[in-house]
Amino acid sequence: EAGVTQFPSHSVIEKGQTVTLRCDPISGHDNLYWYRRVMGKEIKFLLHFVKESKQDESGMPNNRFLAERTGGTYSTLKVQPAELEDSGVYFCASSQDLLSEQFFGPGTRLTVL
Amino acid sequence: AQSVTQLGSHVSVSEGALVLLRCNYSSSVPPYLFWYVQYPNQGLQLLLKYTSAATLVKGINGFEAEFKKSETSFHLTKPSAHMSDAAEYFCAVSLYNFNKFYFGSGTKLNVKP
């Protein structure tokens, strides 16, 4: 069974540009989470989807970040316009239900120059 | 509020030596505690979890951790390090089992031959 996949693995963009990160969860997993690790610091929660609905988006830094999960399958995280402090590794995780293990993807490393 | 502190961003041990990675937590309610490992270019993988059952938790690859409420600690240990244990380790706390993790900043373990 395929694990959680993320695309791209790396992205280098200039300040002010737009970037869209994609996460494909494990098939059948209703719960999808986004996390971010900035500059070797702690991994921070961004938001949580249950199917296509945003259950908790308390960790989203500001309105330059937009997450979607149309149809309850894959999810995208758009940063527009990107700022230098957005650089980091963005992780996606999925789980079958709220009491089940979260499985993490390998992350997307975003560098904003 | 929930938070996790991992003492030591880098730990180096010799092959065969004891591994001790430290984690202290802060939680307003009885916590769920986790250790994850990240190997290069891979996603985070669950090592073990504490969910209010036995205070000594055994995980995969010979790792174990002990929940000490009086010390608010959940240190990870392995009696004998193997070269394949070289990775980054993250301690995490959540209010509800497997939901919305609060991670520490990670500890990179280096194993010397």
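Data table
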{"read-out": "Rounded to the nearest 20 debye, dipole of chain A from Cβ charges on Lys, Arg, Asp, Glu", "value": "320 debye"}
{"read-out": "Aspartates and glutamates with Cα under 14 Å of A:K54, excluding same-chain neighbours fewer than 8 positions away", "value": "A:D30, A:E68"}
{"read-out": "Under 29 Å from B:K68, Cα to Cα: lysines that are on another chain or at least 8 residues apart", "value": "A:K41, A:K44, B:K49, B:K58, B:K78, B:K100, B:K108"}
{"read-out": "Number of partner chain Cβ atoms within 10 Å, mean per residue of A:98-104", "value": "6"}
{"read-out": "Cα-centre dipole for chain B with unit charges at Cβ (Lys and Arg positive, Asp and Glu negative), debye to 20", "value": "140 debye"}
{"read-out": "GNM result for chain B, Cα springs below 10 Å: residue of B:Y50, B:Y96, B:Y32 fluctuating most strongly", "value": "B:Y96"}
{"read-out": "Positive-end extreme of charge dipole, segment B:1-109 - chosen from B:S80, B:G62, B:L44 (charges on Cβ)", "value": "B:L44"}
{"read-out": "Projected label distance in nm at B:K112 and B:Q45, using a 7 Å step from Cα toward the beta-carbon", "value": "2.6 nm"}
{"read-out": "Local electrostatic count at B:T107 - Lys and Arg +1, Asp and Glu -1, tallied over other residues with Cβ under 14 Å", "value": "+2"}
{"read-out": "Cβ neighbours within 10 Å from other chains - mean over B:6-16", "value": "0"}
{"read-out": "Total charge dipole magnitude, the protein assembly as shown, about the Cα centre, Cβ charges on Lys, Arg, Asp, Glu only, Debye to nearest 20", "value": "320 debye"}
{"read-out": "B:L56-B:V29 pseudo-label distance in nm [points 7 Å out on the Cα-to-Cβ vector]", "value": "3.0 nm"}
{"read-out": "Chain A: most fluctuating residue of A:V12, A:V50, A:V38 per GNM, C-alpha cutoff 10 Å", "value": "A:V12"}
{"read-out": "Gaussian network model of chain B, springs between alpha carbon atoms under 10 Å - residue of B:L46, B:L21, B:L76 with greatest fluctuation", "value": "B:L46"}
{"read-out": "Förster radius 25 Å - calculated FRET efficiency between A:Q55 and A:Q80 (Cβ-Cβ, nearest 0.05)", "value": "0.60"}
{"read-out": "Other protein chain Cβ atoms within 10 Å, averaged over every residue that makes up A:37-44", "value": "5"}
{"read-out": "For A:K15, net neighbour charge (Lys/Arg +1, Asp/Glu -1) across residues whose Cβ lies under 14 Å away", "value": "-3"}
{"read-out": "Summed side-chain charge close to A:G72 - residues other than A:G72 whose Cβ falls under 10 Å, Lys, Arg +1, Asp, Glu -1", "value": "0"}
{"read-out": "B:E71 versus A:N62: modelled label distance in nm, points set 7 Å from Cα along the beta carbon direction", "value": "4.2 nm"}
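None of the figures in this text is laboratory data; all of them are computed from the coordinates on show. The shown structure was predicted, so the numbers you read here are calculated from the model rather than taken from an experiment. Methodologically, a virtual Cβ is constructed for each residue, glycine included, from the backbone with ideal geometry; neighbour enumeration extends over all protein chains shown.
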